[in-house]
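Step one of this worksheet: look at the structure below.
The values are calculated or read from the model by the stated rules, or taken from the named source; none is laboratory data. Bear in mind that the values here come from a model prediction, so they are computed numbers and not experimental data. As a convention, Cβ positions derive from the backbone with ideal geometry for all residues, glycine included, and neighbour counts pool all protein chains shown. Heads up: the accessible areas ignore ligands, DNA and RNA and are worked out on the full protein's heavy atoms, side chains in. Shrake-Rupley method; radii C 1.70, N 1.55, O 1.52, S 1.80 Å.
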Amino acid sequence: MGVLARWEAFLVFVLAATLALGALASPYFLTASNLSIAVAGVMPTAIVALPMTLVIVCGEIDISVGSIVGLCAASLAVCREQGLGIEVSMLASLAVGMLAGALNGAIVAYVGLPSLVVTIGTLALYRGIAQIILEERGVTGFPDWYQEIGFGTVPGTPIPWSALIFVAFFLCFAVFLHATHRGRALFAIGNNREAARFSGIDVRRAILGVFVASGGLCAVAAVVLTSYLASARSDTATGLELPVITAVVLGGVSIFGGSGTLGGVLIAVLVLAFVQNALGLAGVTPEAQQIVTGCVLVLTLVLFGAARALRTAALFRRVRAG
Amino acid sequence: MSGLLRVREAGLVLALLVICAGVTLREPRFLNGANLEQVALSATLVCIVALGEALVIIARQVDLSVGAIVASSAFVSADWLSKHPGGSMVFVFAIGCTVGLAMGAGNALLVVAARIPAIVATLGTLAIYRGAVIVFAGGRQISATILPDSYQAIAQVRVLHVPLLVWIAVALTLVLGWAASYTRTGRNLYALGSDPESARFVGINEGWHLALVFVLSGLLCGFVGVLWGARFGTVDAVLAPDLHFQAISAVVVGGVSIFGGSGSVYGAAIGAVIFAVLQNGVQLLGLNQFWLQAVTGAAILGTVILYSLLARRAERAEREGRRRSVGLGLNRGVGAG
Amino acid sequence: MNAVAPVLALQGVSKRFGPIEVLTGVDLDLAGGRVHALAGENGAGKSTVVKIIAGIIRADGGTLRLDGAPVVFQGAADARRHGVAVVHQHPAVFPDLTVAENIFIGRQPRRGGRIDWTAMYATAHELLLRLRMEIDVRLPVKALGIAERQAIEIVKALSLDARVLIMDEPTSTISSREVDRLFEIVATLKRQGVAILFISHFIDEILGLGDDVTILRSGRRVISCPAASLTPEQTVRHMIGADPGALFPKAAAAIGAPVLRVRNLSGAGFVEDVSFDLGAGEILGLFGLVGAGRSEIAQMLFGIVTPDRGEMHIAGTRAEPRSPQEAMRLGLSLLPEDRHLQGLVLPFPIRANATLTVLRRLSGALGLVNRGEENALAREYVARMRVVASGIEQVTATLSGGNQQKVLLAKWLIPAPRVLILDQPTRGIDVGAKAEIHRIVSQLAAQGMAIILISDDAPEVIGMADRILVLRAGRLVATFERDAVDQQAMMLAAAHTTWDQATTPALQATP
C-alpha cells in the first residue's frame, strides 16, 4: 500500500506538471471553459473506468466495454425509432447493459472461463448485435435536456453535467471499494481467490456483480456519449476499452488484481484529459496525441517498476535485518 | 505431444469440415475454385500473424500490437516503393521486416527489460506504433496506381495453381509448428508458459525466450505488412484495426490456452482458416454483413466453453483413476516413534 | 564419526545477512553412500546451509571442500556441474510436458538440430528403472502425484551424475504412502554411493532415515553424531533447547453435551459412511494419511464440498451447509490445510486477514466497515495469539510461517465458533510456534469449544486428542480413547491394508 500512496503522489505531480506545461503551451489552456471542455470529453472513459477498476482489482478484465456501450447506444436508438419516450429508452438501454454485463459475469464466474477470452468473444458478439439491430442508421433528435447531459454545464458554472454524474458515481464506487466489506472482499478475491472462498466470501456472486456493474455503467456512458455526439450509432465507442484500461493501469491498479485505488484512477483520468487537451491546443493532431498517451502509460509503468524494485530491495534488507 | 493434443487438432479439422459442408449445402458455389482461393487468401495473412501470436501466448504472454505493426510495415514499405518505383522487391521486404523486427524488439524491451506485464506493455505500444504510422502517413493513402506492378504481382503469383501467398503461409505453419514441437527452444517456450518460475530454476533463460517470441511476432507482422499491401493494393495507416482480436481469436479457437503452456501452432493456423470460412460463408449465404461480428463472437464463446467442458471431463476421469490407487500403501517403514 | 572420507565438507562456515549472523562456524561432512540428516527449528539456518551447498549463495567465512579440495561455487549451475543436485520441497515440473521432457528440459538430446525423442524416452526410462520406478515416460506430468514428481527431480539429478544430493524437506508436501516410495529411492541411491543430505521436520524421519544427524540451533551446530545414538526426546531437546514435555499441553477438560453429530457422511468421490459425535470441550483427533479423506470430510462439514449422503446435526438441529458462509452462520470454523493457498491473503496486513471472516458483522447499514472496532478486535487477538509482529498493519507475507499460522488461527477464532475444525494446524512450522498453538487449542477446549484436530503427525494427535478416529481410504477404520492409545497400532490402521484389528486387543472397532 505504501508504494501506491507514493504512486498517487507521483500522479498528482504529473497532473501539476501537465497543467503547468499546458499553461505554457497556450494562454487559453487554464481558462474555465477550456478545462470544462477537456473534462467533458473524457467523461465516458472516466465513467467506464470506475467499474473497470473493480473488475481488474478482482483479477479479471472486461475487454467488451466499448461494445456494450455501442449495444446500449443502439438499443437506445432502436427504442427511439419505435417511438418510445427518452426516459423509457434510457431504462431499456440500462437493462440491456446490465444484461450484457451479467452474461459476461455468468460465463466468467459460473462457467469458470478466463475473462480475457470471454470478453474478446463478447466484444465481437455485442458489437455484432448492435450492428444487426441498428445497421448503419444514426438516430438523432434527442430532447434538449438530453443533449445537455453530454455537453451542457450546470447553469452559472463551467461544470459539465456529465462531470457531475461522474462525481456522483465516483463517490459511490470509492466508498464501496475502500470502505465497505464488499470492497474489501474484492481485494481478497484479487489476491487469493481460494482463501476468499474459504473465508465465506461468495466469490462467484462478487465477480458476477462487478461485471453487472460494468455493464450498467457502460449504459450510463452510452447516454453521456450519445448526448455528447448528439447521435446514437452502432459503432459508438469502438475501441473504448483501450483508453479505459490505460486510465486504470495508469492509476496504479495492478493488472494482476488485488491492489489499486480509485483515487489513483481519478487522477490518471484527469492527466489523460489534460494531456490530450494541451496537445490539441498546441496544434498536435489527435493521432499524435495517441502516441503521447501510449508513451505516458509505458513510461509511468517503467518508473513504477523501478520504484517497486527499489522498495522490494529495501523490504528484503529489512526482513534480513530483523 | 500428448494424445489429447492430436485429438484436439483432429476435432478442429472436423469442425472446419462440418462448417464447410454446411455452407456448401446451402450454397454450392462455396466449392468453386475462385471462391476457395478467396477464402485461402483471406486466411493467409491472419494465419501468419496468428502463428507468431500463438508462440507468444504459449509462452504465457500476449501481443496486442500486431495490427499496428502490420500497418506500420505496410505503409513504410509501400511509401518507400512509391518513391523508388524501380526498387527491388527484396528491398521492400527487407524494409517491412526491419520495421516489424524493430517494433517487436520494442515490445521485448518493455516486457523483458522493464518487466511490464505484456498485456499492458503491448497496449501501450499499440497506441504508440499506430499513432506513429498515422503521423508518418499524415493522412496519405498509397494507392495501387502509383505502385509498380511487380508489387501486386506477389499476391498473384501461382505455384501449382495455388497462390504463392498460400504456400508461404503453409510453409511457415509447418516450420514453426515443427520448431515448437521438435526443438529445444520450442519446448522451452512450453515450459516457460507452463510454469515460469520452475523454468527459470532449471536454467531456461526466460528473458531470451520472451524476447525471441516478441521479436518473432514482430518480424512475422512486418512480413505480413508487405504482403498486405501487395494483396489489397491500397495502403493507409489505419489498416488492420482489429487484427489483434482476429489473431488472438484464431489462437484461442485453435486450442491454445490463454494461460500458456499448452496448445499448438497448427491449431492456431486452423483457427485462422475457420474464421476465414465463416466470413466467406456469411457473405455467400447472403446474410447481412452485420452478422459476421456476432457469428465470430458466438464462435469464440462456443469453442472456449467446449474446451473447458472437455478439459474438466478429462480432469475428472484422471482424478477418479488416481482415487482407485489410494489405500494400497505400506506403513511408513521407519521408526514411527 | 565414520571412517569414509567425506565427498563434501563444510568447515567453519559462517554467513551473515546485514547485521544478523545466520550461520556461525558450522561443520558438516557428507560421505558417499550415507544419509546425513539435518535438523533444527525454522530459522536455525538449515535453508542457508542448503543454499550454500547448492551454490545459490556464498558463505562469508569457512571453506567448502569437495573431495578434500576447497571449492567456491559460482552459482547454482556451477554447483550442478560439480555434481551437487537439489531436490526441492515443491518439485519444479512442467505439467504439460512429458515425464521424459521434464527430466531433460533445457538439455534434451539432439540429432541434427531437432530433439531426439527416441533417445530421450529410452534414457529416461532407463534412469527411472534404476530407481525401480515404473512410470510411462510419455505421460504428461500433470497425471502424476507429488512423490512421482519428486522422483522425476531425483532422476534429473541422477542424469547429471550427481554425487551429492540435497533433499530439502521432501516429505513435508507428500503423503506417508508416497514417503515410503521416496525412502526406497533413497535406499537405492545410498547403495549407488551417492552422498545425501536430508532435511526434515519429522523426528522419526531424521532418526530413521539418517545414518548421521546434525542439529542446528540459532545458526550453530549443536551436535553431530550417528543417528543410532539419539532418542526422539534427546533430538527434540537439542532442537528447541527445552524439554519436549511442554510440546503437547492438552489439559484435562470436562466433556460436555454433544455439539456436533455426524451420521453416514459420504461424498467427495470416496468418503464413505463416516459417523461420529463431538462434545463441548472435546478435542477429536482425525488421524489419517494424505488421500485418506481427512480434508474432504472437513470441507464437507464446512460446506465447500457438497456431500452425496449423510446427516449433520449441530446442537440437535439438522444442518446442511452448502457454502462456507452458511457453515459459518451455523457456528463452524475451518482452519484450512494450506496456509498460503486457502488460508491467508498474504499481501493484506495482519488486521485485514484476521477480520476477513467477520467483516460483514463489523459493517453498518451501508456496508461501511467500522475501522475502530476492526482495529480493536485485531489487536486483541494478535496479543492473545502472541503473534510476533511490529503491529497489526504489518503485511502478513513478511511474517514467519509460525506467526502466519497464528494469524490464521486468530482469523478463525474471531467468529467465536462452536465447532473449530483444525486441518493440519502445525504443518511446516517451527517447534516453538507449534507449542504455542497447542497451548491455545488446549485452552479453547477447556473453555468448552468443540474441536476437530486433523493431522498426520501421530505424536501431535496422541498428545492433544481426547479421542482419535483413524481414517483410511475414506472410511473410519478404528477409534482410540485417550488412555488407550497405541501409536504403532494407530499407524498400522491408517497405513496398512492388511492390518487386522482383531490382533490388536487395545482397540475397539468403530460402529
Requested in this report: Kindly provide the set of residues from region B:233-248 that are surrounded by fewer than 19 Cβ atoms within 10 Å (Cβ to Cβ) and within 11 Å of chain A (Cβ to nearest Cβ), ordered by number.
Outcome: B:VAL238, B:PRO241, B:ASP242
Query raised in the report: How about region C:380-484: which helices (runs of 4 or more DSSP H) wholly inside it have at least 3 residues that are more than 30 Å from C:VAL271 (Cα to Cα)?
Result: C:401-413, C:431-446
Query - Pairs with Cβ under 7 Å, 6+ apart, first in region C:94-123 and assigned by TED's automatic domain parsing to the domain that holds C:ILE152 and of a type in the set (Gly, Ala, Ser), second open to solvent by 40 Å² or more (accessible area, probe 1.4 Å) and at pLDDT below 80 - result: C:GLY106/B:GLY203
Query raised in the report: In region A:177-195, what count of residues is obtained for those that are open to solvent by 40 Å² or more (accessible area, probe 1.4 Å) and either among the hydrophobic types (A, V, I, L, M, F, W, C) or more than 7 Å from every other protein chain (Cβ to nearest Cβ) (or both)?
Result: 2
Query raised in the report: Does C:LEU10 fit the bill of being part of a strand (DSSP E or B), under 13 Å from C:THR214 (Cα atoms) and either modelled with pLDDT of 90 or more or under 30 Å from the mean Cα position of the chain (by Cα) (or both)?
Result: yes
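Listed residues B:PHE201, B:PHE136, B:PHE214; which is in contact (Cβ under 8 Å) with a residue 24 or more places away in the chain, among the hydrophobic types (A, V, I, L, M, F, W, C) and within 11 Å of another protein chain (Cβ to nearest Cβ)? Write out each step before concluding.
Details: B:PHE201 fails: in contact (Cβ under 8 Å) with a residue 24 or more places away in the chain; B:PHE214 fails: within 11 Å of another protein chain (Cβ to nearest Cβ).
Among B:PHE201, B:PHE136, B:PHE214, only B:PHE136 is in contact (Cβ under 8 Å) with a residue 24 or more places away in the chain, among the hydrophobic types (A, V, I, L, M, F, W, C) and within 11 Å of another protein chain (Cβ to nearest Cβ).
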Query - Candidate set from region B:199-209 (those that are modelled with pLDDT of 80 or more and open to solvent by 30 Å² or more (accessible area, probe 1.4 Å)); member that is nearest to C:ALA157 (Cα to Cα) - result: B:ASN205
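Of all the helices (runs of 4 or more DSSP H) wholly in region C:262-372, which have at least 2 residues that are more than 27 Å from A:SER259 (Cα to Cα)?
Answer list for region C:262-372: C:294-301, C:324-329.
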Query - Candidate set from region B:252-289 (those that are outside any helix (DSSP H, G or I) and in contact with a Lys or Arg (Cβ under 7 Å, 6 or more places away or on another chain)); member that is nearest to the other protein chains (Cβ to nearest Cβ) - result: B:GLY261
Requested in this report: Specify which of the listed residues (C:THR118, C:THR123, C:THR173) is more than 8 Å from chain B (Cβ to nearest Cβ), modelled with pLDDT under 75 and either part of a loop (DSSP other than H, G, I, E, B) or open to solvent by 10 Å² or more (accessible area, probe 1.4 Å) (or both).
Outcome: C:THR173
Report task. Output the residues belonging to region A:265-290 that are under 20 Å from B:ARG130 (Cα atoms) and either modelled with pLDDT under 80 or open to solvent by 40 Å² or more (accessible area, probe 1.4 Å) (or both). Result -> A:GLN276, A:GLY283, A:VAL284, A:THR285, A:PRO286, A:GLU287, A:ALA288, A:GLN289, A:GLN290
Query raised in the report: B:PRO196 versus (1) crowded, with 22+ Cβ neighbours inside 10 Å; (2) touching a residue at least 12 places away in the same chain (Cβ under 8 Å): which is the lone unmet condition?
Result: (1)
Query raised in the report: Given (1) touching a Leu at 6+ places or on another chain (Cβ under 8 Å); (2) without any contact (Cβ under 8 Å) to a residue 40 or more places away in the chain, where does C:VAL50 come up short, assuming only one miss?
Result: (2)
Report task. Filter region C:90-104 down to the residues that are open to solvent by less than 10 Å² (accessible area, probe 1.4 Å) and within 13 Å of B:ARG187 (Cβ to Cβ), then identify the one that is nearest to the other protein chains (Cβ to nearest Cβ). Result -> C:PHE94
Query raised in the report: Within region C:380-396, is there a residue that is open to solvent by less than 30 Å² (accessible area, probe 1.4 Å) and within 25 Å of C:PHE287 (Cα to Cα)?
Result: no
**Report entry** Answer residue from region B:104-126, given it is at pLDDT below 90 and open to solvent by 20 Å² or more (accessible area, probe 1.4 Å) and is farthest from the other protein chains (Cβ to nearest Cβ) among those
**Finding:** B:ALA113
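Pick out the one residue from B:SER264, B:SER249, B:SER257 that is farther than 27 Å from B:LEU36 by Cα and of a type in the set (Gly, Ala, Ser). Don't jump to the end; show me each part of the working.
Values: B:SER264 fails: farther than 27 Å from B:LEU36 by Cα; B:SER249 fails: farther than 27 Å from B:LEU36 by Cα.
After applying the criteria, what remains is B:SER257.
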Requested in this report: With respect to B:VAL46, determine if the residue is open to solvent by 10 Å² or more (accessible area, probe 1.4 Å) and either in contact (Cβ under 8 Å) with a residue 24 or more places away in the chain or not in a helix (DSSP H, G or I) (or both).
Outcome: yes
Report task. Kindly indicate whether any position in region A:22-39 is crowded, with 24+ Cβ neighbours inside 10 Å, in contact (Cβ under 8 Å) with a residue 40 or more places away in the chain and touching a helix residue (DSSP H, G or I) at 6+ places or on another chain (Cβ under 9 Å). Result -> no
